[in-house]
Each structure stands twice: as C-alpha cells, then as structure tokens.
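Colleague: Just dropping this structure here.
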Amino acid sequence: MTAGDRANVVTEEFKKYVPTRTVRWPSGTVSLDDAHAALTAALRANGGTLRMTTVRPAMASIDSRFKKSEIPSHPLNAQGVWGAMVSAAEDAGLVSTSGTPSNRLVKLVGGSAIEIDDASASLVPAGPAMFERDSDRYLSLLRAAALGPFQQVRIAIYGEIQRELDKGREVTIAQLLDRSIARVRKDIENAHVKGKDHLVKQGQALPWSSVRAFIGTLFTRQAVLLSAGEAVRADWLHLDSIASGLIDEWQLRLDGELVKYLIEQGCRVDQYAEVELGGALYNSRQDLAPVRAVLKHLIEVGACEFAPDYSLRLR
C-alpha cells in the first residue's frame with residue numbers, strides 16, 4: 001500500500017488461509033475402542049498414571065499391535081495420532097490430562113475405565129487377542145505389580161525354605177529367606193558354569209534383588225511362617241523373629257495370592273483358564289495338578305467363591 005509518498009508493507013501469516021488439519025485415530029488399523037481398552041489396561045498396570053511419551057510403549061506391552069512399526073508410513077506412526085487417541089479418551093471420560101502440552105501427564109479417571117462384565121471378565125473387549133495367549137497377559141499383569149512370578153525359581157526357593165527348617169537349627173525369618181534364595185542362586189550359577197541349564201537357561205541373568213523382594217512380599221501378604229507357635233508375616237516387625245515352622249498348605253496360600261491378584265485385575269478364571277494359569281504360574285501346560293490344587297484351596301478357605309457362571313470371584 002502507499003500512503004502519500006511512503007510505501008507500507010503489510011504481512012499476514014499464510015496459515016491463516018490454510019484449513020486446520022484434523023488428526024484422527026486410524027480406526028481402520030486398530031479400533032478406537034481397542035486402543036482405549038489397552039490404554040486403560042496400561043494405566044492400571046502403571047499405577048494409574050503415564051507420561052504421554054510412555055503411553056505407546058506401555059500400551060505395546062499390553063498389546064503388540066501398538067508397537068512402533070519400522071515402516072514410516074504405518075498409520076500408527078503418523079504425527080499426532082497418539083495425542084488424538086488420548087484426547088478422545090479424555091472426551092469419553094476415561095482419562096484426564098495435565099501438564100505441559102509437549103509431554104502431558106495422562107491419568108486414569110477413577111471408576112470410569114471401560115467397565116468389564118463379570119460374566120466375561122477381560123481387560124479388553126471382544127476382538128483380536130491382545131496377547132498370543134492368556135498366560136502372556138497373566139505374566140504381564142503379575143510383573144507390572146512386582147509379583148514375579150519367577151516360576152521354577154519360586155518353587156525351588158519354597159523347597160529350600162522347607163529343607164532349612166527341617167534341619168531344626170535356630171534361624172530368624174530374615175536368615176531363612178536370604179539363605180534359601182542364596183542357595184538356589186548358587187545352584188543356578190554352578191550349573192551355568194558347567195554349561196548346563198538349571199531352572200533358567202544359560203546366559204539368562206535373574207534380577208536377584210527383585211526375586212528377594214518378591215519372595216518377601218509373598219510371605220508378607222500371607223502369614224504362613226510360625227514363630228513361637230504363632231503364624232506371622234515376614235514383615236519388618238518379624239524379620240528378627242525365630243522361624244520354627246510353616247502352617248499347613250503354606251505353598252497353596254502363597255500361590256493363591258497370585259491367582260487372587262489376577263482375579264482382582266479382571267481376569268476370568270474358569271475351566272478354560274487352567275492351562276494358561278499353568279503356563280503362567282508353573283511354566284507347564286501339561287501338569288495341571290498344581291493349578292487345580294490352588295483353585296480348590298482358594299474355595300475351601302473362603303478366599304474365592306463360584307460366580308453364577310461357575311467362574312471364580314473374590315469373596
């Protein structure tokens with residue numbers, strides 16, 4: 001423009017004339033319902049809160065369909081789709097968000113996550129399986145809650161605890177657990193030095209501090225150790241107490257805690273679950289006797305009862 005003898009330059013942003021691009025979740029690849037189910041499951045497994053940058057990895061640990069593809073043009077790799085999915089979940093009242101836009105904090109809204117009917121309890125709606133097998137889902141849930149299960153190693157430690165007590169020597173609860181775990185660890189390491197597999201494959205390193213914490217947690221959740229004729233927990237109040245024995249069916253009580261947790265998380269436990277529970281808890285889908293013994297025990301002690309559809313539910 002000119003104003004008299006002066007020239008004035010007026011500038012405007014070109015984007016003012018460009019329609020705003022709306023990013024939507026690619027439902028043709030994975031339905032939005034499935035994405036929201038995986039999101040709420042991932043949030044439950046991580047204490048109800050995730051940073052936006054960790055949403056996709058956490059969901060991928062629940063459902064492999066959400067893993068980052070190496071193909072740049074994959075619909076789930078498109079810029080903005082994950083934010084769109086979280087925004088849709090927020091609009092649906094499933095989550096709330098806060099913090100800086102660059103890395104929002106995503107929080108599960110209490111009680112508003114996708115509801116699961118007792119008769120078909122599952123962390124996901126019907127459709128393509130989120131895991132290849134239910135046992136994978138069981139393991140994912142247990143590991144997310146720091147509940148092992150360290151399958152064969154757990155059972156071997158149980159055996160060492162019993163053998164240590166059978167010696168009749170005075171031992172504190174802390175010494176009992178520590179020595180039993182140390183002995184199993186030594187057996188594994190000695191076998192590996194000789195080039196043999198024992199409980200775990202050669203070259204596989206176990207997080208032994210986590211194993212110790214897990215065993216301590218189980219013995220704290222259930223008072224199965226006897227001290228001065230009283231059943232006590234392996235908590236900080238009793239670690240220095242002398243361990244004199246174990247209550248009846250103590251292993252069933254401890255393993256029952258793992259099954260109870262899975263039921264709490266919405267897993268359906270019925271006749272169809274036996275094989276998958278065997279794989280998750282005992283690394284065996286052939287010998288179902290250990291799983292059946294735990295399920296029977298939970299009913300007998302009143303920890304669980306039959307639902308109308310004959311699945312187990314907590315009492």
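The values are calculated or read from the model by the stated rules, or taken from the named source; none is laboratory data. Nothing here was measured: the structure is a model prediction, and the numbers come from that model. Cβ coordinates were reconstructed from backbone atoms using ideal geometry, including for glycine residues, and neighbour counts include every protein chain displayed. When the accessible area is computed, the model is the full protein with side chains, heavy atoms only, and any ligands, DNA or RNA have been set aside. Shrake-Rupley method; radii C 1.70, N 1.55, O 1.52, S 1.80 Å.
Colleague: Using a 1.4 angstrom probe, figure out how much accessible area segment 12-86 has per residue, in square angstrom, rounded to the nearest whole.
Modeller: 58
Colleague: Karplus couplings for segment 274-285 from phi (6.51 cos²θ - 1.76 cosθ + 1.60, θ = phi - 60°), rounded to Hz, Gly and Pro as x?
Modeller: For segment 274-285, the Karplus-derived couplings read 3, 5, 5, 5, x, x, 6, 8, 10, 6, 8, 9 Hz, x marking Gly and Pro.
Colleague: Moving on to the next point. Report ³J(HN,Hα) in whole Hz for each residue of segment 137-144, in order, from the Karplus equation J = 6.51 cos²θ - 1.76 cosθ + 1.60 where θ = phi - 60°; Gly and Pro get x.
Modeller: Each residue of segment 137-144 in turn: 5, 4, 4, 4, 5, 5, 5, 5 Hz.
Colleague: Spelling out what I want: for every residue of segment 251-260, take phi, set θ = phi - 60°, compute 6.51 cos²θ - 1.76 cosθ + 1.60 (Karplus), and round to whole Hz; glycine and proline get x.
Modeller: Result, rounded to whole Hz: 5, 5, 5, 5, 5, x, 4, 5, 5, 4.
Colleague: Number of Lys-Lys pairs in the chain under 20 Å by Cα, sequence gap 8 or more or different chains?
Modeller: Lysine pairs satisfying the spacing and distance rule in the chain number 5.
Colleague: Over segment 236-315, how many percent of alpha carbon pairs lie in each 10 Å bin up to the one with the longest distance?
Modeller: Bin by bin from 0 Å, the calculated values are 17, 47, 24, 11, 1.
Colleague: Moving on to the next point. What whole number of Å gives the distance from the Cα centroid of segment 289-315 to the Cα centroid of segment 179-257?
Modeller: Answer, in whole Å: 25.
Colleague: At 222 nm, what value in deg cm²/dmol follows for the chain if DSSP H runs of at least 4 each add -39500 (n - 2.57) and the sum is divided by all its residues, to the nearest 500?
Modeller: Here the helix-only value at 222 nm equals -13500 deg cm²/dmol.
Colleague: Evaluate the relative contact order of the chain (contact order divided by residue number), counting alpha-carbon pairs under 8 angstrom at least 6 apart; express in whole percent.
Modeller: 14
Colleague: With r defined as the distance between the Cβ atoms of Thr172 and Thr220 and R0 fixed at 25 Å, what FRET efficiency is calculated, to the nearest 0.05?
Modeller: That pair, Thr172 with Thr220, gives E of 0.95.
Colleague: Another question, if that's okay. Rg to Rh for the chain: what is it, with Cα atoms only and Rh by Kirkwood?
Modeller: 1.14
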